[in-house]
Amino acid sequence: MAWWAALAVTLIFVVVVLVRPPGPQDQPDPARQRDGLLLDGPLVPSTVAGVEFGGSPVVLLFDREPPDRQELAGWLGELPRRVEVRLMLPEPPAAAVDPGLVEVVVDPDGRLADAVALPTPVDGGPGIGYAVVDSQRQVRYSTLDPAYLVNAFEVTTILKWVP
């Protein structure tokens, strides 16, 4: 009985102290934080907010401000060359983003986030994360991920299986 009590106390400690609640930029329901994998996701129009879809996969990065240039360059370097990447911002950036690195699209109305069904974070602001749209304009993954710059392997894995 003492062993079970010690195990229960340890488990309670781990859950209460080590497992963090959703942050302001996370999905409100922690169980749905990274469940954006879609076999038959929504089909996006051929053009949304100036971004063209179809012909090759497109990865949409959603952020509130431009990420660090070197971190973004490292993230982009891990993706296959056949992929187009767009950085979605809710307002024009204060400093210019290197146009040779990634194309920036300002989308104050969140039309692209709506088109790919990007979840709304806890704080109600624009989502930070990414979406993968295949070459036939079908959304294959859409998720909040405030730490997307360290998760390029996830996008690369998804892209291996999309046309």
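The values are calculated or read from the model by the stated rules, or taken from the named source; none is laboratory data. Bear in mind that the values here come from a model prediction, so they are computed numbers and not experimental data. Cβ coordinates were reconstructed from backbone atoms using ideal geometry, including for glycine residues, and neighbour counts include every protein chain displayed. All accessible areas refer to the heavy atoms of the entire protein, side chains included, with ligands and DNA or RNA removed. Shrake-Rupley method; radii C 1.70, N 1.55, O 1.52, S 1.80 Å.
Observations
- Meets criteria (open to solvent by less than 70 Å² (accessible area, probe 1.4 Å), in a loop (DSSP other than H, G, I, E, B) and not small (Gly, Ala, Ser)) for residue 80: yes
- When restricted to residues that are open to solvent by 10 Å² or more (accessible area, probe 1.4 Å) and either of a type in the set (Lys, Arg) or out of contact with any helix residue (DSSP H, G or I) (no Cβ under 9 Å at 6 or more places or on another chain) (or both), the range 54-67 contains 5.
- Scanning the range 105-155 for residues that are farther than 21 Å from residue 44 by Cα and part of a helix (DSSP H, G or I), we see that the one that is nearest to the chain's Cα centre (by Cα) is 148.
- Selected residue (only one of 71, 91 is over 26 Å from residue 163 (Cα atoms), open to solvent by 60 Å² or more (accessible area, probe 1.4 Å) and in contact with a helix residue (DSSP H, G or I) (Cβ under 7 Å, 6 or more places away or on another chain)): 71
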